[in-house]
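Trainee: Pasting a structure here, questions to come.
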Amino acid sequence: MEYNSKIDTRSLYIHWPFCAYKCDYCPFVSFAGRDQFMERYNNALMKEIEYFFGKNKSQKQQIDTIFIGGGTPSTWPDEMILDTSGKLNSVLSMSKNIEFTIEVNPGTVRDSQLEIFKDIGINRFSVGVQSLNDSILKNLNRFQKAQDVYNLLDKASNYFENISIDLILGLPGVSFQEWKSYLKIIVGLPIKHISVYFLTIYENTPLYYKIESGEVELIKDDEFVDIYNWTVDFLEEYGFYRYEISNFAKKGYESAHNKVYWDRKPYKAFGLAACSFDGTCRFQNYKDLSKYIECLEKSESVTETCEFLTDDQVRLEKIMLGLRTDLGVDREILFAQLSNEQKISLEKRISELLDKKFVYEKNNCLVISPLFLTIENEIVLELLGK
Ligand SMILES: C[S@@+](CC[C@H](N)C(=O)[O-])C[C@H]1O[C@@H](n2cnc3c(N)ncnc32)[C@H](O)[C@@H]1O
Ligand code: SF4
């Protein structure tokens with residue numbers, strides 16, 4: 001089964017899987033040391049784009065958001081990104097108010113690239129800062145310095161008004177005190193949006209083995225919660241309001257592309273291991289680089305998996321995604337498809353969560369209280385009766 005190309009898809013994700021180094025904590029389909037495949041990959045990517053939009057040739061599809069992610073898209077050679085951008089322009093039409101994001105790593109961006117990014121229509125610049133502690137990053141095989149971040153933001157702010165940064169909360173070795181000092185610097189940088197991701201340990205990553213062997217120790221859960229809650233208050237003081245568990249923005253700079261994911265709107269993704277959603281099914285492309293390239297060279301499909309979502313899965317997704325946002329989840333969604341008996345039981349569990357102030361009600365929606373966002377998973381399980 002293939003993505004339903006008749007769907008009015010307004011959002012695209014494009015994956016560039018090449019990196020200058022492979023960070024110890026990274027679970028993404030990304031590689032260091034395989035740059036020799038870039039050209040063939042780029043050609044394959046353009047073919048995938050052309051093949052998809054070719055189906056709707058009569059009219060150019062209007063696109064509202066594009067996100068170029070990775071990997072490290074700032075390692076994309078100029079002539080190749082220009083070719084891909086030309087391909088996009090030949091098959092689709094960008095909305096007047098398009099949000100067009102590229103993800104970059106500090107230390108991997110050349111000055112001339114900023115101009116190229118701007119010329120091809122990129123208007124949102126997302127920088128992977130993660131931490132401002134050079135030696136902690138180096139120990140995690142990430143070769144970037146705080147000075148690279150300052151230099152990049154200084155230059156990028158001449159080209160982009162809408163700059164976002166990513167941070168990781170819970171990196172081993174970063175104390176609460178140190179985190180506070182970083183955030184005090186960060187709020188003074190020329191940025192409009194901050195993503196604060198909770199460090200997740202993925203099996204088979206180098207960090208996973210370092211923790212297993214006791215070489216590295218993670219911060220305790222209590223401290224983690226304290227740091228997060230302090231972060232929410234601190235960022236709010238400086239005008240970055242929390243609109244999703246991990247996302248903070250100055251008013252008007254919330255990410256439109258992320259909202260598409262949270263609202264379960266359709267999006268088409270191109271590239272290695274890229275995941276798409278057409279409103280009914282979730283698709284994923286091949287994760288094997290050679291297979292992805294070779295299939296497209298033979299004009300074959302690169303869809304590896306297609307999952308048709310059952311009503312239960314849809315309900316679960318809606319609950320989980322809704323609870324991550326400051327809008328919460330609608331009661332109608334929570335109670336959909338339940339028997340009378342299940343409804344009575346859920347009402348009781350909701351009352352308990354309300355009594356404990358884990359959640360509150362707003363516009364017929366249930367919203368997690370900011371202080372308890374770090375236990376979102378537990379609250380979801382409680383609402384599902386698990
Ligand atoms: C696609 S990734 C990588 C983007 C870019 N290559 C970089 O490293 O800055 C997007 C973000 O995911 C976050 N991330 C990566 N690995 C993570 C992990 N194990 N736990 C939590 N967040 C992670 C980082 O904040 C990163 O900026
Ligand atoms: S640079 Fe980004 S994508 Fe590449 S390995 Fe590091 S975290 Fe993963």
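Bear in mind these aren't lab numbers, they're just calculated from the coordinates by the rules spelled out. Remember, it's a predicted structure, so these values are computed and weren't measured experimentally. Glycine also receives a Cβ, built like all others from the backbone with ideal geometry; neighbour counts cover every protein chain displayed.
Trainee: Give me the dipole magnitude in Debye, nearest 20, for region 311-384 about the Cα centre, with unit charges on the beta carbon: positive for Lys and Arg, negative for Asp and Glu.
Mentor: Dipole about the Cα centre, nearest 20: 160 debye.
Trainee: Here's another thing I want to ask about it. Using 0.36 nm times the number of residues separating SER135 and LYS343, minus their current alpha carbon distance, what extension gain do you get?
Mentor: Here the answer is 69.6 nm.
Trainee: Give the cysteines in the chain for which no other Cys Cβ lies under 4.7 Å away, or write none if there are none.
Mentor: CYS19, CYS275, CYS281, CYS295, CYS306, CYS365
Trainee: Shifting gears a bit: List the residues of region 313-328 whose backbone N lies under 13 Å from a point placed 7 Å from the Cα of TYR241 along the Cα-to-Cβ direction.
Mentor: Inside the label zone: 326-327.
Trainee: Moving on to the next point. Which peptide among 85-94, 285-294, 207-216 comes first, and what is the full order, when sorted by highest mean count of other Cβ atoms within 10 Å?
Mentor: My ranking of the peptides, most packed first, is 285-294, 85-94, 207-216.
Trainee: With θ set to phi - 60°, apply the Karplus curve 6.51 cos²θ - 1.76 cosθ + 1.60 along region 274-286 and write out the HN-Hα couplings as whole Hz, x wherever there is a Gly or Pro.
Mentor: 5, 10, 10, 9, 9, x, 10, 10, 9, 10, 9, 6, 3
Trainee: Explain nothing, just compute: Karplus ³J(HN,Hα) = 6.51 cos²θ - 1.76 cosθ + 1.60, θ = phi - 60°, for every residue of region 182-198 in order, whole Hz, x for Gly and Pro.
Mentor: 5, 5, 5, 6, 4, 5, x, 7, x, 10, 10, 8, 9, 9, 10, 8, 7
Trainee: Among LEU338, LEU321, LEU353, pick out the residue whose Cα is farthest towards the positive end of the charge dipole of region 311-384, where Lys and Arg carry +1 and Asp and Glu carry -1 on C-beta, about the Cα centre.
Mentor: Ranked along the dipole, the leading option is LEU353.
Trainee: Using only DSSP helix segments of four residues or longer, with each worth -39500 (n - 2.57), what per-residue ellipticity at 222 nm results for the chain after dividing by its residue count and rounding to 500?
Mentor: -12000 deg cm²/dmol
Trainee: Taking R0 as 25 Å, what FRET efficiency do you get between GLU203 and SER299 from their Cβ-Cβ distance, rounded to the nearest 0.05?
Mentor: The formula returns an efficiency of 0.10 here.
Trainee: Further question: How much FRET efficiency would the formula 1/(1 + (r/R0)^6) give for SER112 and ILE211, where r is the Cβ-Cβ distance and R0 is 41 Å, rounded to 0.05?
Mentor: 0.55
Trainee: I would also like to ask the following. Run down the aspartates and glutamates and flag those whose C-alpha is under 19 Å from the C-alpha of LYS96, throwing out any fewer than 8 positions away in its chain.
Mentor: Once the sequence-local aspartates and glutamates are set aside, what remains near LYS96 is ASP8, ASP64, ASP119, GLU161, GLU254.
Trainee: A follow-up question, please. Counting Lys and Arg as +1 and Asp and Glu as -1, each charge on the Cβ, what is the dipole of region 230-386 about the Cα centre in debye, to the nearest 20?
Mentor: That gives a dipole near 200 debye.
Trainee: At 7 Å along the Cα-to-beta-carbon direction for both LYS287 and GLN36, put a label point, then send me their distance in nm to one decimal.
Mentor: 2.5
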